[in-house]
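First the structure, in the form of structure tokens, and then the observations on it.
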Amino acid sequence: MLSSEPALIAALRADLSAAPFTVERTGAVLGPVAAGALAREQVLPAERATRDNPDPAAVLIRLFTLGDPVDRATVDAALPALGGAGALALGLVRDAGDALIATCDLRPYGDQEHAWWLASDLSELATRAPLSEDHVLGVGGASTTLASWTPRPRVGRALDLGTGCGVQALHLSTHAEHIVATDISDRALSYVRFNAALNGQEWDIRHGSMLEPVAGERFSLIVSNPPFVITPRDHGMPTYEYRDGGQQGDAVVADLVTRLGEHLEPGGIAQILGNWEIVGAAPWQDRVGAWARAAGVDVWVVQREIQDPAQYAETWARDGGHQSGTTDFNQMYAAWLDDFAARDVTGIGFGIITMHRPESDREPFVDLLDARGPVAAPMGPAVLAGIQARVWLAEHDDDAILDTSWSAAADVTVAQHFRAGSSDPEVIEVAQGGGLGYRESLDTASAAYLSVADGDLTARAALAAISGLLELDQDELVEAMLPRLRRWIAAAILR
Ligand SMILES: C[S@@+](CC[C@H](N)C(=O)[O-])C[C@H]1O[C@@H](n2cnc3c(N)ncnc32)[C@H](O)[C@@H]1O
């Protein structure tokens, strides 16, 4: 457990700023090859890039990322205000004779506009051993996915459920006035207290399981990268707290989807990640749609990936530092396959769930999308626009759509593909540059509509002109176009 003694934290902050221990500086010290190798969990190039380098950032990488013993004089030079003694007092390092060895990972982290530091448990790359069951994760792929997809309007109260080392809370600190951060892990909360202090934040940090610590409370924004990994029960599997909520199948995510709505203010948004089981030949929308309809609020789900049971088992049996092919790995692999077979699970979906509490008593909407291609980064602005568009659609009828003068968004292009030698296009396609990278084939009439959608004509007037030009029945054209217009408004093809 780390200490958050203010004077020592202030000294550490001064040292990390002076180093400077920033994302840019560590990137420059490592260079692209060693940084790339580290991302693939290979330490050798990073060892070579930092070994004889007295730059404080290089010393701190060796100490806190690679887990190398570093002699006291070198630590004293890299952290002149705190010194090795202060690092020992904070609990960041332990004594190893002439050298100090990190007890935790500490690294710079940031977005385009903010520079922070995050402490978490040392990765298996530094310890060269499988993770312990109470391991506190640093920033992983799922953390950055959630951070990217979170809409970031200015809000009052925000909740980070299952905060881990506090990475989502740091992002929330850029646009929320009051942040509640919860976790079931005392070790995680010790890191959160430390990271909040180190980054000059005051969060309301609470211990407890899932929604228990916020019973009866509402928030304008809730984010959660919950322990959503589907894990066989009763097979002697390691129960990694950071990824496993201890329930059967995908019940952790089902519970959250059905209960989070109660904790949203009217107009409030929840953004969570999750896995779901795809059972037999049923489409994924059946199961997730049932959760969404039970939620009592608007739910928009984007499925980003499907793995088959073997792929899923391999991913999670390997996670935590277990080598493929070992007895441990094979036992876990078999347990996952048995567990999925017992429920006839044929696939496991991964995606992002956005929930929104309507401000009126209208019927909530449910939108279940598959979008597996590249998306904008960050995605938050597109998610916010997507929610606003869906709310507008839920609150307006066909006449309102037809009486609006829509504009095709600036990132929308229309491509025509011709068969060699032909002057008539074989395929016309609309493509969105940002957002979810929406694509759809067009017929002549819908392509004509997009070409005139510049905010001048109402959709009704534009379709009347197009039906005259193409000699189509106007009512039939309007009828055929309305579902398209709805899709395009939701996807921000039309604004
Ligand atoms: C996947 S990690 C997410 C950490 C961090 N928020 C992020 O985005 O990287 C899931 C977190 O949920 C916590 N957790 C596990 N079971 C929980 C429970 N029943 N209630 C609350 N938190 C739980 C774990 O301790 C862990 O910190």
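The values are calculated or read from the model by the stated rules, or taken from the named source; none is laboratory data. Quantities reported herein were computed from a predicted structural model and do not represent experimental measurements. Glycine also receives a Cβ, built like all others from the backbone with ideal geometry; neighbour counts cover every protein chain displayed.
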Next item on the list: Answer with yes or no whether GLY84 is more than 26 Å from the chain's Cα centre (by Cα) and in a helix (DSSP H, G or I).
Entry: yes
Check: From the list GLY31, GLY27, which one is under 24 Å from the mean Cα position of the chain (by Cα), exposed (fewer than 15 other Cβ atoms within 10 Å of the Cβ) and part of a helix (DSSP H, G or I)?
Finding: GLY27
Notebook entry, point to check: Has region 122-135 got at least one residue that is outside the structural domain of GLN303 (by TED's automatic domain parsing), among the acidic types (Asp, Glu) and more than 9 Å from the ligand (Cβ to nearest atom)?
Noted result: yes
Note to self: I'd like to know if region 101-109 contains one or more residues that are within 14 Å of the ligand (Cβ to nearest atom), buried (at least 16 other Cβ atoms within 10 Å of the Cβ), assigned to a loop (DSSP other than H, G, I, E, B) and outside the structural domain of PHE329 (by TED's automatic domain parsing).
What the structure shows: no
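Residues checked against (1) within 21 Å of the chain's Cα centre (by Cα); (2) modelled with pLDDT of 95 or more; (3) of a type in the set (S, T, N, Q):
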position	(1), (2), (3)
GLY140	yes, no, no
THR144	yes, yes, yes
VAL155	yes, yes, no
LEU159	yes, yes, no
GLY162	yes, yes, no
ALA176	yes, yes, no
GLY200	no, yes, no
ARG206	no, yes, no
Notebook entry, point to check: Say we look at region 259-289 and pick out the residues that are closer than 24 Å to TRP336 by Cβ and without any contact (Cβ under 8 Å) to a residue 60 or more places away in the chain; which of these is surrounded by the most Cβ atoms within 10 Å (Cβ to Cβ)?
Noted result: ARG287
Check: Of the residues that sit in region 223-246 and are away from the ligand (no atom under 12 Å from the Cβ) and in contact (Cβ under 8 Å) with a residue 60 or more places away in the chain, which one is surrounded by the most Cβ atoms within 10 Å (Cβ to Cβ)?
Finding: ILE230
Notebook entry, point to check: Can you list the strands (runs of 3 or more DSSP E) found entirely within region 400-495 that contain at least 3 residues being over 24 Å from GLY386 (Cβ atoms) and assigned by TED's automatic domain parsing to the domain that holds GLN303?
Noted result: none
Checklist line | Subset tally (residues that are among the hydrophobic types (A, V, I, L, M, F, W, C) and part of a helix (DSSP H, G or I)) for region 269-314 | finding: 8
Next item on the list: Can you confirm whether region 201-215 contains a residue that is free of Cβ contacts under 8 Å to residues at least 60 places away in the same chain, on the phi < 0 side of the Ramachandran plot, surrounded by fewer than 18 Cβ atoms within 10 Å (Cβ to Cβ) and touching a Pro at 6+ places or on another chain (Cβ under 6 Å)?
Entry: yes
Checklist line | Qualifying residues in region 321-368 (those that are in a helix (DSSP H, G or I) and aromatic (Phe, Trp, Tyr)) - the one farthest from ALA382 (Cα to Cα) | finding: PHE329
Note to self: If I ask for residues that are surrounded by fewer than 20 Cβ atoms within 10 Å (Cβ to Cβ) and part of a loop (DSSP other than H, G, I, E, B), which ones from region 44-67 would you list?
What the structure shows: ARG51, ASP52, ASN53, PRO54, ASP55
Next item on the list: Give region 369-388 a look and list any residue that's surrounded by 19 or more Cβ atoms within 10 Å (Cβ to Cβ) and part of a helix (DSSP H, G or I), or say none.
Entry: GLY380, ALA382, VAL383, GLY386, ILE387
Check: What about GLY208, is it within 9 Å of the ligand (Cβ to nearest atom) and small (Gly, Ala, Ser)?
Finding: yes
Next item on the list: Sort out which residues of region 196-205 are within 15 Å of the ligand (Cβ to nearest atom) and touching a helix residue (DSSP H, G or I) at 6+ places or on another chain (Cβ under 6 Å), and write them in order of number.
Entry: TRP203, ILE205
Item checked: One residue from GLY140, GLY166, GLY86 being on the phi > 0 side of the Ramachandran plot and either within 11 Å of the ligand (Cβ to nearest atom) or out of contact with any Pro (no Cβ under 6 Å at 6 or more places or on another chain) (or both) -> GLY166
